[in-house]
Amino acid sequence: GTVLPAYVAPRDMLLLGGNVSWDHVAVKSGPLDDQSVLRLTPVVGWLHQFGDADLLGAFVAPMFSQELRGNGSWGYSGYGGVIAMHTFSDEFQLLYGGVYENSFGQHSGYPYLGLQWLPTPRCALALVFPWPTFTYVPGDRWLLQLMVGPGGSSWVRHDNQYETTESISSWNLTAGAAYRFHGKLWLFAGAGLAGFRGVEIESGGSQARFESKPSPLFTLAVQFRP
């Protein structure tokens, strides 16, 4: 997936893009079946610079998912929000705003608050929920990161005349390194632990959760860093 500028003005920027993901859940034991989920997420964002110290952004990211192994139909969820950033200095930036979530017809909203600290040009600490990240750049071509963030996927499944919403979730601790191999392209590799894992099944107003043991986590990605 990627999000790129589609229109740039002196104080405004329109961003367009999206993400395509495929998740396969292999069940070793318990009452659940293996799952294979396709998810499409178009993204539209807008940024406006009010002055030297204040930046405002708004985004919409609907998510369409389908379970491929059964008789699943497309389910709808997604996010939208307004987030602002105030720059106190070259070292400190405050992020604040609000986010709306639609989870297959269930609506919720929550505040967004975080702080970015750049003690040196080579170090950055982003205390932004739900993905705090520490970044260190030892040289022109290397980047080291330690991060915590949520993971998982959600989908709608149809069995006969019954419709269920199923979700797999976890919190992932990852340490990794990236190497700039060409221009603005980086190769990132990381390893860590996926904990607090579980599967939630909701149908007809009832909800059940099945806990899962922690497991190792491995990541390999090509990243574009402008």
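The values are calculated or read from the model by the stated rules, or taken from the named source; none is laboratory data. Bear in mind that the values here come from a model prediction, so they are computed numbers and not experimental data. Because the Cβ atoms are built from the backbone with ideal geometry, glycine has one as well, and the counts that use them run over all protein chains shown. The protein model used for the area step is the full one, side chains on, heavy atoms only, and it has no ligands, DNA or RNA in it. Shrake-Rupley method; radii C 1.70, N 1.55, O 1.52, S 1.80 Å.
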Would you mind telling me which numbered condition in (1) modelled with pLDDT under 95; (2) over 26 Å from Arg122 (Cα atoms); (3) touching a strand residue (DSSP E or B) at 6+ places or on another chain (Cβ under 6 Å) Trp46 fails?
(1)
Only one residue in Gly57, Gly75, Gly70 is open to solvent by less than 30 Å² (accessible area, probe 1.4 Å) and modelled with pLDDT under 95, so which one is that?
Gly75
Mind listing just one residue for me: the one in region 122-136 that is open to solvent by 40 Å² or more (accessible area, probe 1.4 Å) and modelled with pLDDT of 90 or more and, of those, farthest from Glu202 (Cα to Cα)?
Arg122
Selected residue (criterion: farthest from Gly45 (Cα to Cα)) from residues of region 9-28 that are open to solvent by less than 100 Å² (accessible area, probe 1.4 Å) and without any contact (Cβ under 8 Å) to a residue 24 or more places away in the chain
Val27
For Val156, the lone unmet condition from (1) under 20 Å from Thr2 (Cα atoms); (2) in contact with a Ser or Thr (Cβ under 6 Å, 6 or more places away or on another chain); (3) open to solvent by less than 30 Å² (accessible area, probe 1.4 Å) is (1)
Quick check on Pro62: is it open to solvent by 60 Å² or more (accessible area, probe 1.4 Å) and under 30 Å from Thr165 (Cβ atoms)?
no
I'd like to know if region 160-182 contains one or more residues that are closer than 30 Å to Leu115 by Cβ, among the basic types (Lys, Arg) and either open to solvent by 60 Å² or more (accessible area, probe 1.4 Å) or touching a Lys or Arg at 6+ places or on another chain (Cβ under 6 Å) (or both).
yes
